[in-house]
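The structure appears right after this line, and notes come after that.
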Amino acid sequence: MSGTFSNSPSSLSRRGFLAATGAVSLGAALTACGGDSGSTSGSSSKPVGQADIDKAMKTPTQLTFWTWVPNIDKEVALFEKKYPAVKVKVVNAGQGTPQYTKLRTALKANSGAPDMVQIEFQAIPTFTITDSLLDLRPYGASALKSTFVDWTWGQVSGSKGEVWAIPQDTGPMGMLYRKDIFDRHGIQVPTTWDEFAAAARKLHKADPDVYLTNLAANQVAAWHGLLWQAGAKPYVTSGKSDITVSVDDAVSQKLGQYWGTLAKDGVIGVEPDFTDSWYAALNKGKYATWLTGAWGPAFLSGSAKATSGKWRAAPLPQWDAAKPSSGNWGGSTTAVIRSTKNPIQAAVFAQFLNSDPTSAKMFATEQFFFPATKTLLGEASFLGDAPAFYGGQKVNQVFADISAQVDPAFQWPPFLDRVATDWTETVGKSLADKTDTVRALGSWQSRITTFAKSQGFTVKGG
Amino acid sequence: MATTTTAARTKVPPRRRQVGTAGVLFIAPFMALFLLLFLAPLGYAAYLSLFQEKLIGGSTFVGLDNYTTALKDPQLLKGIGRVALFFVIQVPVMLLLALCFALALDSGLLRLARVIRLGIFVPYAVPSVIATLMWGYLYGPDFGPFAQISHDLHLPAPHFLSGSWMLGSLANIVTWEFVGYNMIILYAALRTIPGELYEAAAMDGAGAWRIAWSIKLPALRPALTLTLLFSVIGSFQLFNEPSLLMKVAPDVIDSSYTANLYAYSVAFISQQTNYAATVSFILGLVIVIVSYAFLLTANRRRTA
């Protein structure tokens with residue numbers, strides 16, 4: 001189940017980051033990072049002819065692919081079978097942030113970078129800002145647009161229509177809940193956030209050891225998913241150096257007020273997720289819901305085995321029940337590094353891996369990834385899956401419906417790691433310490449603004 | 001006379017030259033590695049610390065700007081202050097414990113001395129990452145054993161991971177990890193004291209306490225200086241433990257909790273490698289100054 005876990009962006013990356021910190025020697029890393037990349041080489045956006053592609057795919061080539069997806073060799077083998085001349089070396093360079101850190105180091109050193117790389121949706125802008133990714137349009141990527149769920153295509157597209165990566169899996173957000181706990185306390189599945197808040201108070205009052213949910217004070221990805229659902233546009237980039245930051249606008253404040261009050265009143269948990277304590281809490285029924293991405297069901301069934309049969313899935317509660325919407329948490333893509341010496345083969349690989357029907361399906365059946373292709377999301381065998389862990393409920397169907405409600409316009413900032421850390425130290429801290437969350441949003445806003453300005457951005461908004 | 005002197009003269013230089021080449025050969029591997037792995041990176045980091053790179057606009061030479069910024073950087077100063085406080089409290093406790101264990105083992109009065117010695121040393125063999133994860137679990141406010149016991153006794157669970165306890169909880173982990181290591185150094189130093197000294201002291205009527213105070217402790221001074229020096233460096237570089245506990249207590253440990261953590265987050269979260277180089281240099285400088293001050297006072301005491 002660790003495979004699906006890799007889809008939870010920040011939690012995962014933080015865990016990986018912590019594991020890696022022990023091994024990283026700062027001095028060595030610093031010196032390795034120092035070089036100026038200045039990689040101006042790259043492709044023009046002129047289409048590459050089919051003849052060139054055919055020729056390249058028959059030329060013996062060795063490609064390197066950095067990915068943390070377990071057993072991805074099976075999908076890679078399909079590619080190698082179709083293109084026997086091209087060999088792909090799969091390297092696990094860490095999950096999430098540790099991998100990105102290594103990649104940045106390699107890019108700056110101008111050596112050691114892979115040809116293709118696993119990259120989460122939210123990390124794409126942090127690599128396009130340094131011109132590190134190859135625009136896949138010349139290699140026929142545009143033709144794949146209709147293959148993938150609309151909002152995922154928005155996530156991988158650049159402002160000028162560039163295609164920076166090919167979607168692999170997604171995490172539209174829903175709510176997993178403990179039917180037994182709900183039944184015991186006579187709680188209806190909340191469909192609006194108002195009902196959710198009322199249920200949180202009712203449940204905790206009835207049983208002080210149980211909380212309706214946990215909003216992890218270190219999980220900026222969940223916060224972004226909730227912002228996304230609420231229709232926020234926290235970061236809007238236009239051109240290369242202009243960014244509008246509005247993590248403190250009316251929508252955000254509504255969210256801050258809502259969650260801040262629930263946390264302050266102590267009717268929801270705020271403990272860090274993906275820790276031993278958190279796993280124990282899920283197994284022992286401390287939390288009655290988990291607001292999570294579509295990778296959550298498979299992940300939970302592996303990590304809370306003790307509670308099998310008690311869980312069900314439902315859409316997120318809504319701000320406006322008439323216009324149901326959701327955000328996304330997690331999911332990743334395959335991108336091609338601009339410095340690759342074999343752009344054609346690498347680009348074909350990225351496209352094949354995620355759009356070839358057999359390969360794409362394998363991700364859903366082998367790694368339990370939540371699909372990014374429209375075909376799979378409509379496939380009866382996928383939608384009909386009724387795991388016993390969820391009492392025979394067709395969980396995939398629930399999340400497939402949610403996937404259609406994700407806003408395609410949400411954007412990520414080009415310095416996400418810093419934004420995430422600043423969230424934990426302002427908004428997350430306010431939740432954990434039960435202080436004013438709305439005010440913390442202001443600190444978050446000003447921290448991001450200060451940092452962005454120091455990095456040469458023109459910052460607008462507030 | 002003349003022949004002997006010329007003979008001597010002609011003889012000496014070649015021998016010296018031989019020694020010279022052999023010496024150079026012997027130290028060459030060290031010098032090569034020293035240059036390559038120590039001086040070169042250090043020099044490069046110093047060079048980097050004079051630049052400023054932005055996501056938009058690239059790299060520019062800024063001279064000592066980074067240093068003036070760092071010296072006024074509240075996050076860095078707070079981090080250094082915090083590790084200094086940590087050092088002042090944790091190190092004396094740890095060294096005193098190590099000293100007590102070493103003296104007890106050396107007294108020969110303990111049964112199962114070998115088992116005890118190994119037992120105290122074993123935590124050092126546990127990688128600090130694992131040790132911290134283990135303690136992080138033990139400290140857990142809900143399902144950790146301490147919390148469970150308090151729960152069973154209907155007492156409030158101790159807040160090991162709260163803001164006011166955190167530094168102590170960290171100190172406990174570091175002490176647990178390094179007491180055995182320091183004990184071994186002190187114990188080894190005690191074993192080098194010749195037995196005749198004890199016999200002589202016993203003849204003069206000195207008891208066990210007197211022997212410990214007047215013979216063992218003075219003989220331990222160089223070893224104590226060494227352990228203290230290691231502790232200075234270890235404390236000021238505190239990194240693994242807080243960076244791992246950050247995961248379970250993100251509201252207490254922020255990215256600038258210790259100076260070293262700050263350097264790391266500046267480099268890899270903010271991607272300001274140049275400023276990270278500066279921060280690392282300043283931290284290194286602080287360590288050199290503190291270490292030097294300790295050595296100086298230790299030497300002065302010894303000569304006095």
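The values are calculated or read from the model by the stated rules, or taken from the named source; none is laboratory data. These numbers were taken from a predicted model, which means no experiment stands behind them. Here the Cβ positions follow ideal geometry from the backbone for every residue, glycine too, while neighbour counts run over all protein chains shown. When the accessible area is computed, the model is the full protein with side chains, heavy atoms only, and any ligands, DNA or RNA have been set aside. Shrake-Rupley method; radii C 1.70, N 1.55, O 1.52, S 1.80 Å.
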Checklist line | Index of the failed condition, A:Pro208 passing every other in (1) touching a residue at least 12 places away in the same chain (Cβ under 8 Å); (2) open to solvent by 40 Å² or more (accessible area, probe 1.4 Å); (3) within 14 Å of chain B (Cβ to nearest Cβ) | finding: (1)
Note to self: Against the definition (over 19 Å from A:Thr97 (Cα atoms), at the interface with another protein chain (Cβ under 9 Å from one of its Cβ atoms) and either at pLDDT 95 or above or in a helix (DSSP H, G or I) (or both)), how does B:Ala277 come out, yes or no?
What the structure shows: yes
Next item on the list: Give the residue, chosen from B:Leu71, B:Leu37, that is among the aliphatic types (A, V, I, L, M), open to solvent by 50 Å² or more (accessible area, probe 1.4 Å) and either touching a helix residue (DSSP H, G or I) at 6+ places or on another chain (Cβ under 8 Å) or touching a residue at least 60 places away in the same chain (Cβ under 8 Å) (or both).
Entry: B:Leu71
Check: Looking only at residues in the range A:142-188 that are under 16 Å from the mean Cα position of the chain (by Cα) and of a type in the set (Ser, Thr, Tyr), which one is most open to solvent (accessible area, probe 1.4 Å)?
Finding: A:Ser157
Notebook entry, point to check: Within the range A:274-288, is there a residue that is among the hydrophobic types (A, V, I, L, M, F, W, C) and part of a strand (DSSP E or B)?
Noted result: no
Notebook entry, point to check: Could you say whether any residue in the range B:217-229 is farther than 14 Å from B:Ala102 by Cα, within 14 Å of chain A (Cβ to nearest Cβ) and either open to solvent by 20 Å² or more (accessible area, probe 1.4 Å) or outside any helix (DSSP H, G or I) (or both)?
Noted result: no
Margin query: List the residue pairs whose Cβ atoms are under 6 Å apart, where the first residue sits in the range A:254-279 and is more than 15 Å from A:Gln219 (Cβ to Cβ), the second is at pLDDT below 95 and aromatic (Phe, Trp, Tyr), and the two are 6 or more positions apart or on different chains.
Written below: A:Asp276/B:Tyr137
Next item on the list: Mind listing just one residue for me: the one in the range A:388-441 that is crowded, with 19+ Cβ neighbours inside 10 Å and of a type in the set (Asp, Glu) and, of those, farthest from the other protein chains (Cβ to nearest Cβ)?
Entry: A:Asp422
Notebook entry, point to check: Does B:Tyr44 meet the test of being out of contact with any Cys (no Cβ under 7 Å at 6 or more places or on another chain) and either at positive phi or within 14 Å of chain A (Cβ to nearest Cβ) (or both)?
Noted result: yes
Next item on the list: Please work out if B:Val129 is among the aliphatic types (A, V, I, L, M), in contact with a Ser or Thr (Cβ under 6 Å, 6 or more places away or on another chain), in contact (Cβ under 8 Å) with a residue 60 or more places away in the chain and assigned to a helix (DSSP H, G or I).
Entry: no
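Mind listing whichever residues of the range A:438-454 are in contact (Cβ under 8 Å) with a residue 40 or more places away in the chain and touching a Lys or Arg at 6+ places or on another chain (Cβ under 8 Å)? Please lay out each step first, then the result.
Taking the range A:438-454 first, the residues in contact (Cβ under 8 Å) with a residue 40 or more places away in the chain are A:438, A:440-442, A:444-445, A:448-449, A:452.
A:Ala440, A:Ile448, listed by residue number.
Go through the range B:110-156 and give me each residue that's aromatic (Phe, Trp, Tyr) and in contact with a Lys or Arg (Cβ under 8 Å, 6 or more places away or on another chain). Even if it seems obvious, please write down each step before you answer.
Our first condition is that a residue be aromatic (Phe, Trp, Tyr); within the range B:110-156, this holds for B:121, B:124, B:135, B:137, B:139, B:143, B:146.
Result: B:Phe143, single match.
Only one of these is over 28 Å from B:Val88 (Cβ atoms), more than 14 Å from chain A (Cβ to nearest Cβ), surrounded by fewer than 16 Cβ atoms within 10 Å (Cβ to Cβ) and in contact with a helix residue (DSSP H, G or I) (Cβ under 7 Å, 6 or more places away or on another chain): B:Leu153, B:Leu197. Name it.
Only one candidate qualifies: B:Leu197.
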Item checked: Residue selected from the range A:126-141 under the condition in a helix (DSSP H, G or I) and open to solvent by 30 Å² or more (accessible area, probe 1.4 Å), by the criterion farthest from A:Tyr235 (Cα to Cα) -> A:Arg137
Check: When B:Tyr139 is evaluated against the numbered criteria (1) farther than 27 Å from B:Ile233 by Cβ; (2) buried (at least 16 other Cβ atoms within 10 Å of the Cβ), which criterion, by number, is the only one it fails?
Finding: (1)
Notebook entry, point to check: Quick one: which helices (runs of 4 or more DSSP H) sit completely within the range A:367-440 and have at least 1 residues that are under 30 Å from B:His159 (Cα atoms) and β-branched (Val, Ile, Thr)?
Noted result: A:416-423
Next item on the list: Scan the range B:117-149 for residues that are farther than 26 Å from B:Ser162 by Cβ and over 21 Å from the mean Cα position of the chain (by Cα) and report the count.
Entry: 3
Margin query: It is to be established whether one or more residues within the range B:162-180 are within 14 Å of chain A (Cβ to nearest Cβ), small (Gly, Ala, Ser), surrounded by 22 or more Cβ atoms within 10 Å (Cβ to Cβ) and farther than 30 Å from B:Asp106 by Cα.
Written below: no
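Scan B:Ser270, B:Ser214 and give me the residue that is of a type in the set (S, T, N, Q), modelled with pLDDT under 95 and more than 27 Å from B:Thr68 (Cα to Cα).
Details: B:Ser270 fails: more than 27 Å from B:Thr68 (Cα to Cα).
Among B:Ser270, B:Ser214, only B:Ser214 is of a type in the set (S, T, N, Q), modelled with pLDDT under 95 and more than 27 Å from B:Thr68 (Cα to Cα).
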Checklist line | Single condition B:Pro127 does not satisfy, out of (1) surrounded by fewer than 18 Cβ atoms within 10 Å (Cβ to Cβ); (2) within 16 Å of B:Ser235 (Cβ to Cβ); (3) within 14 Å of another protein chain (Cβ to nearest Cβ) | finding: (2)
Item checked: The one condition in (1) at pLDDT 95 or above; (2) outside any loop (DSSP other than H, G, I, E, B); (3) closer than 30 Å to A:Lys434 by Cβ that B:Lys247 fails to fulfil -> (1)
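Out of all the residues in the range B:73-89, is one or more of a type in the set (Gly, Ala, Ser) and within 10 Å of chain A (Cβ to nearest Cβ)?
First, the residues of the range B:73-89 that are of a type in the set (Gly, Ala, Ser): B:79, B:81, B:84.
Subset that is within 10 Å of chain A (Cβ to nearest Cβ): none.
So far as the range B:73-89 goes, no, none of its residues is of a type in the set (Gly, Ala, Ser) and within 10 Å of chain A (Cβ to nearest Cβ).
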Note to self: Tell me the residue from A:Gly42, A:Gly35, A:Gly16 that is assigned to a helix (DSSP H, G or I), within 28 Å of A:Lys108 (Cα to Cα), modelled with pLDDT under 95 and open to solvent by less than 60 Å² (accessible area, probe 1.4 Å), please.
What the structure shows: A:Gly16
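Taking the condition under 23 Å from A:Lys74 (Cβ atoms), out of contact with any Gly (no Cβ under 7 Å at 6 or more places or on another chain) and assigned to a loop (DSSP other than H, G, I, E, B), does A:Phe349 pass? Please lay out each step first, then the result.
Values: under 23 Å from A:Lys74 (Cβ atoms): yes; out of contact with any Gly (no Cβ under 7 Å at 6 or more places or on another chain): yes; assigned to a loop (DSSP other than H, G, I, E, B): no.
Considered against the rule, which asks whether it is under 23 Å from A:Lys74 (Cβ atoms), out of contact with any Gly (no Cβ under 7 Å at 6 or more places or on another chain) and assigned to a loop (DSSP other than H, G, I, E, B), A:Phe349 comes out as no.
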Next item on the list: Within the range A:74-111, work out how many residues are outside any helix (DSSP H, G or I) and open to solvent by less than 60 Å² (accessible area, probe 1.4 Å).
Entry: 10
Next item on the list: Could you figure out which of (1) of a type in the set (A, V, I, L, M); (2) in contact (Cβ under 8 Å) with a residue 40 or more places away in the chain; (3) farther than 30 Å from B:Lys216 by Cα isn't true of B:Leu77?
Entry: (2)
Checklist line | One residue from A:Asp183, A:Asp194, A:Asp209 being modelled with pLDDT under 95 and more than 21 Å from A:Ile124 (Cβ to Cβ) | finding: A:Asp209
Note to self: If I filter the range A:335-363 down to residues being buried (at least 24 other Cβ atoms within 10 Å of the Cβ) and within 21 Å of the chain's Cα centre (by Cα), which single residue comes out as farthest from A:Pro47 (Cα to Cα)?
What the structure shows: A:Phe363
